[in-house]
1. Return, ordered by residue number, the residues of region 52-92 whose backbone nitrogen is under 17 Å from a label point located 7 Å along Cα→Cβ of residue 108.
2. Within 10 Å, count the other beta carbons around each residue, average over each peptide in 70-80, 98-108, and list them highest first.
3. For a quick check: sort 27, 39 by the number of other beta carbons within 10 angstrom, fewest at the front.
């Protein structure tokens, strides 16, 4: 009798685990807004991300440094490609589990 209950208990536990909500947020593609393109988010709405990238675009600290703080987010800029006198920057900004990521082009 114990052997019959054990597989059913295991199956029930696996089913409960599979149906439990995930704590990870899905990645959402948000397109572009102004200078920023390839905007993606996790745990943030696209409208919030677009508003954030517009504020980022006029923030001297975020434009000039490899790391900055904006609206409670910690951001880092990384040069991901270079073509002649222009470069593409990948920006990743996090606040807890929330993530906003986008790319933008600069003159070098």
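1. 64-66, 77-91
2. Packing order, densest peptide first, comes out as 98-108, 70-80.
3. Numbers: 27 11, 39 22.
Arranged by neighbour count, lowest to highest, 27, 39 become 27, 39.
A short reminder: the numbers here are calculations on the coordinates, not readings from a lab. Note that the structure is predicted; figures quoted are calculated from it, not measured. FYI the Cβ positions are ideal-geometry reconstructions off the backbone, even for glycines, and counts take in every protein chain you see.
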